[in-house]
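Written below as structure tokens is the structure these notes are about.
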């Protein structure tokens, strides 16, 4: 247990397996006063590691941007061809 600030302490628990961790808080001062808290518990569950989808999201955004630009260029080219009118053949 480590003193964080003032009268706040913290402790890091590293469970080695899933299950329930039960704990109490004990306190003693220099005058010999002792106190024990009620029992608390913490349930540790196993979960698969989180999957990182950032690269997938970036790839989707890039593909959509390229498709949007291609569509706008195609539309602009088509509009220019429509304004020029039909081509005359001899």
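The values are calculated or read from the model by the stated rules, or taken from the named source; none is laboratory data. What you are looking at is a predicted structure, and each value in this text was computed from that prediction instead of being measured. Cβ sites come from the backbone with ideal geometry, for glycine too, and all protein chains shown count toward neighbours.
Worth pointing out:
- Screening residue 64 on (1) more than 24 Å from the chain's Cα centre (by Cα); (2) modelled with pLDDT of 90 or more shows it passes everything except condition (1).
- Residue 3 being part of a helix (DSSP H, G or I) and exposed (fewer than 10 other Cβ atoms within 10 Å of the Cβ): no
- The lone exception for residue 15 - which of (1) surrounded by 10 or more Cβ atoms within 10 Å (Cβ to Cβ); (2) part of a loop (DSSP other than H, G, I, E, B); (3) at pLDDT 85 or above it fails: (3)
- Checking each residue of the stretch 36-43 against the condition of being farther than 30 Å from residue 23 by Cβ and either exposed (fewer than 10 other Cβ atoms within 10 Å of the Cβ) or in contact (Cβ under 8 Å) with a residue 40 or more places away in the chain (or both) gives no match.
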